[in-house]
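The values are calculated or read from the model by the stated rules, or taken from the named source; none is laboratory data. As the structure is a computational prediction, the values presented were derived from the model and not from experiment. Positions of Cβ are generated from backbone atoms using ideal geometry, with glycine treated the same way; all protein chains shown enter the neighbour counts. When the accessible area is computed, the model is the full protein with side chains, heavy atoms only, and any ligands, DNA or RNA have been set aside. Shrake-Rupley method; radii C 1.70, N 1.55, O 1.52, S 1.80 Å.
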Amino acid sequence: MEQTAASELTQLAREQAVLGLADFDEVVRLYRPRVFRFLLASLRDRDAAENLTQDCFLKAYMGREHFRGDSSLSTWLMKIAMNLVRDHLRSKRLRFWTKTRESALDPVDVSDWVPDGRSSPEAELVARTQVAHVWKTVSDLPAKQRSVFVLRFVEEMELKEIAELTGMNPSTVKTHLYRALAAVREGVGGKQ
């Protein structure tokens, strides 16, 4: 009897999670900025990030009945986005020689991350240059290190969330993050 009640309760929780997706416009409104930031930081290509953001929410909408509620809605959407990045990069590798590294972030695109207008123009130029060096270094990281770095420092996710999202052990996440930070520090240190 208890097992049947627990099973029914689990099923009810799943149905409520799916019903939570009923107002999908609200889901998009709430989570689109986070998904887009992750995709832009991962791909460094605004057009691709826009397209994959739309694809992410289309996949979520089409697969909403498969949302089991095992994780938060945010984690589920970020997992879809992460899979889209992986698939995009895999297909992009096939066309690697046809596209150069011109898709790197332009310092003007990241000006929102740079100190405000109270800084001198020289200080802003230095800050933009440093941000450009950081993103150049991040773009050269191996895919797993880059993903962990972006999830931690752009999306400000906790290590436990990153482990859940990526399917890695927390200790593996820490290792990738440590190596990514060391590479970024070395890369930025060599540019100053």
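So how much accessible area does Met168 have, in Å² to the nearest 10, using a 1.4 Å probe?
Result for Met168: roughly 30 Å² accessible.
Within 10 Å, count the other beta carbons around each residue, average over each peptide in 141-149, 28-36, and list them highest first.
The most tightly packed comes first, giving 141-149, 28-36.
Amide H to amide H, which residues 5 or more places from Met157 or on other chains are under 5 Å from it, using H placed in the peptide plane?
Long-range HN contacts for Met157: Arg152.
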